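This report refers to the structure that appears directly beneath it.
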Amino acid sequence: MARSGSRRGRSTFQGWRIVRSSLIIQVLHSGLVFNSFSLFSAELKDEYGWSNSQLGVAFSLNRAESGLLGPLQGWMTDKWGPRVVLRIGAVVMAAGLWMFAWVDSLTELYLFYLLVALGSSLAGFLSITVCIVNWFERKRARALAIGQMGFAIGGVLAAGVGLSIDRLGWRDTSRIAAVIVLLVILPMARHFDRRPSEVGEFVDGIDPDDPDHALPPRPTTADVPTAIHFTAAEAMRTRAFWFISLGHASALLVVGAAMAHLAVYLEEEIFLSGLHIAFVVGALPAMMGVGQVVGGTLGDRYDKRKLTTVAMFGHSCGLVLLALADGPVMVWLFVLVHGMAWGVRGPLQQAMRADYFGATDFGKIMGFSSLVIMSGMILGPIVAGVLADATGSFTTGFLVLAAGAGLGAGWFWAAAPPAHPSTLENEDSPVSD
């Protein structure tokens, strides 16, 4: 007999166990890979003399591989379930981090970091997001925000990575990271059942047939009919799919450039100490966590499209502050503005996709979206690196990318909810609503 999540209480509803496990896994991705890349790249630049462009390409290849993997990963997650995909990814990610410690040439850097990217993609964001979307509907924005807060908390771990690099060296730090990945993600994966129905639970932990635990009325500003079920093909025939993807890509112009080059920029142009840089790198995702709390709270009550539009202006203004910084004050203003915008936007854009297209084919929809999204993460580091090498400063590149992020506000604003597939008048049109 099916178990009522509401009778068993919120604390025992498996959906919240999945959210907590997602948070921990995201801590590792944030602290050991994404937010620490600029710390490792600063060491590689000092040791081998590689240019900003070459290091930017390494980060962009990472994101390109993740984007191209998206459709296959979406299919794998929908077909086999997130548990299997997470375990495969944990092994590959750990292998990549272990091999990264032996890098001795630019070719090895690209090859081993691609392996890290493959593993971190499979054991990371897309697999986790698909699972949370399947387990939550009414509290979806909140659940996604809590799960993604791990990325913010991982900023503290990134500061620890910086201290470890300073004390033990970057090679030993990479080996330690590989062991941590295996010891944490493999056991955590057991919580990630694909859907509530597979283990006798209910979406949001509430039995719709239980008269003692009636579903609360839906907020009128966040009305999300359960009957919405787009296939990936149907979703891709709507403007909303492309506009959300383009808006997401625009945001990642800023995120990618900051991840790849922030430590080098702060050291070479703002002249901050290594310890100060570690605190800035750690504080950025911490501020993102504050934004996630705000976004998750507001997203289930107010129009997610308007909130993400405002967040995009925050991304743009934040990078302008960084580009024009002449000391620590403007750097910390960048941390505040960009971090808040990042936190608000992150969970809401995923919740928008689920609200618009439903959970049935969400893995494939996210996978195909990644083909568009990856362009921002690829172009951001490359544009910033190339223009820095050409002009001798990151200022021009950061300002160009800030303008691109500003355009992203328009994409999100234009992403109105699509018509349900059953009401589409012309399904053959590539952008019909």
- Task: Name every residue in the range 225-271 that is part of a loop (DSSP other than H, G, I, E, B) and either at pLDDT 90 or above or surrounded by fewer than 20 Cβ atoms within 10 Å (Cβ to Cβ) (or both), in order of residue number.
- Result: 225, 226, 227, 228, 229, 231, 237, 238, 269, 270, 271
- Item | Members of the range 395-418 that are surrounded by 24 or more Cβ atoms within 10 Å (Cβ to Cβ) and over 21 Å from residue 238 (Cβ atoms) | 397, 398, 401, 405
- Within the bounds of the range 354-362, is there any residue that is farther than 13 Å from residue 260 by Cα, of a type in the set (S, T, N, Q) and either within 19 Å of the chain's Cα centre (by Cα) or outside any helix (DSSP H, G or I) (or both)? yes
- Message: Test of understanding: among 296, 282, 291, 314, which residue is under 18 Å from residue 155 (Cα atoms) and touching a Lys or Arg at 6+ places or on another chain (Cβ under 9 Å)?
- Response: 291
- Report, by residue number, each residue of the range 68-109 that is under 21 Å from residue 364 (Cα atoms) and of a type in the set (Asp, Glu). 78
- Query: From the set of residues in the range 158-177 that are of a type in the set (A, V, I, L, M, F, W, C) and buried (at least 21 other Cβ atoms within 10 Å of the Cβ), which is nearest to residue 308 (Cα to Cα)?
  - Reply: 158
- Task: Those residues that are more than 20 Å from the chain's Cα centre (by Cα), touching a residue at least 40 places away in the same chain (Cβ under 8 Å) and surrounded by fewer than 20 Cβ atoms within 10 Å (Cβ to Cβ), I need them from the range 366-394; list them, please.
- Result: 386, 389, 393
- Name every residue in the range 17-43 that is surrounded by fewer than 23 Cβ atoms within 10 Å (Cβ to Cβ), more than 15 Å from residue 161 (Cα to Cα) and aliphatic (A, V, I, L, M), in order of residue number. 23, 24
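The values are calculated or read from the model by the stated rules, or taken from the named source; none is laboratory data. Note that the structure is predicted; figures quoted are calculated from it, not measured. Neighbour counts are summed over all protein chains in view; Cβ atoms, including those assigned to glycine, are modelled from backbone coordinates with ideal geometry.
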